[in-house]
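Notes follow once the structure below has been shown.
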Amino acid sequence: MRIIIGENYDEISKKAALIVAAQVILQPDCVLGLATGSTPLGLYRELIAMYQRGEVDFSKVTTFNLDEYYPITPDHPQSYHYFMYQNLFNHINVQPENIHLPNGTAEPVEAECSNYERMIAAAGGIDLQVLGIGVNGHIGFNEPNPYLHARTHLTDLKEETIKVNSRFFQSEAEVPRQALTMGIGTILKARRILLLASGENKAQAIKKTVQGLVTTECPASFLQTHPDVTLLLDREAAALLG
């Protein structure tokens with residue numbers, strides 16, 4: 001596990017963009033696993049700027065997103081489908097047929113999860129997976145639990161996660177109580193993993209991820225078992241690391 005500490009959010013966003021862009025430049029037809037939420041916004045802004053300057057070409061890239069609320073329609077302003085198009089896909093030349101997100105209205109949901117796994121496998125697996133981390137140590141929407149699902153699945157969101165994510169909605173009551181998410185096993189099958197964390201509210205989760213036991217009570221701790229993980233942290237997120 002490599003740990004890179006930047007001074008602030010802007011610095012880690014720029015470093016993350018260089019890592020992702022290098023993956024695309026060296027492997028134009030790579031498969032990227034992408035995350036949503038506030039943490040990767042800076043990364044996506046930097047990638048858009050690099051594309052606009054002609055420094056990177058996404059035309060052969062395939063993408064798979066980590067997760068999506070359930071139930072939620074793609075055109076809902078708080079869906080991750082909407083988020084990705086507004087903050088990245090509409091501004092780069094990734095081909096629409098190469099973009100994959102879990103379907104937040106799928107029925108039966110079990111079939112959607114199985115199909116998502118099949119599509120990832122058919123694409124050859126994920127070359128570089130981008131992750132954020134929740135204050136409770138979740139990655140994707142794999143919440144702390146006595147057990148964790150290995151593959152893409154429907155999960156119940158913890159009240160803590162619902163409360164944190166309510167800042168994106170009109171009220172906490174509007175936040176969906178479930179989500180579709182890649183499982184821990186799916187994430188760990190990625191060839192490379194890049195996790196970004198910013199802010200003092202992530203410091204405890206980062207300490208458990210890096211220095212704690214590998215436990216389902218901190219899903220991100222399973223990254224310790226992966227051979228190629230890079231953590232990009234600002235000073236505040238790294239504050240508790242010894």
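Quick notes
- For the stretch 9-43, a residue qualifies if it is small (Gly, Ala, Ser), surrounded by fewer than 15 Cβ atoms within 10 Å (Cβ to Cβ) and part of a loop (DSSP other than H, G, I, E, B), and exactly one does: Ser38.
- Take the conditions (1) without any contact (Cβ under 8 Å) to a residue 60 or more places away in the chain; (2) in contact with a Ser or Thr (Cβ under 8 Å, 6 or more places away or on another chain); (3) more than 29 Å from Ala106 (Cβ to Cβ); Asn65 misses just one of them, which is (3).
- Within the stretch 86-140, if we keep just the residues that are of a type in the set (Asp, Glu) and not in a loop (DSSP other than H, G, I, E, B), the residue that is surrounded by the most Cβ atoms within 10 Å (Cβ to Cβ) turns out to be Glu112.
- All of Glu68, Glu46 fail the test of being of a type in the set (Asp, Glu), over 23 Å from Val24 (Cα atoms) and either surrounded by 14 or more Cβ atoms within 10 Å (Cβ to Cβ) or out of contact with any Lys or Arg (no Cβ under 9 Å at 6 or more places or on another chain) (or both), apart from Glu68.
- Within the stretch 196-242, considering residues that are among the aliphatic types (A, V, I, L, M) and part of a loop (DSSP other than H, G, I, E, B), the one surrounded by the most Cβ atoms within 10 Å (Cβ to Cβ): Ala237
- All positions within the stretch 122-139 that are over 13 Å from Leu32 (Cα atoms) and out of contact with any Pro (no Cβ under 8 Å at 6 or more places or on another chain): Ala122, Ile133, Gly134, Val135
- Only a single item in (1) modelled with pLDDT of 95 or more; (2) within 21 Å of Leu34 (Cβ to Cβ); (3) outside any strand (DSSP E or B); (4) more than 14 Å from the chain's Cα centre (by Cα) is not met by Pro144, and it is number (2).
- Given (1) within 20 Å of Gly104 (Cα to Cα); (2) touching a helix residue (DSSP H, G or I) at 6+ places or on another chain (Cβ under 6 Å); (3) of a type outside the set (Val, Ile, Thr), number of the condition Leu196 does not satisfy: (1)
The values are calculated or read from the model by the stated rules, or taken from the named source; none is laboratory data. All values derive from a computational prediction rather than experimental measurement. Because the Cβ atoms are built from the backbone with ideal geometry, glycine has one as well, and the counts that use them run over all protein chains shown.
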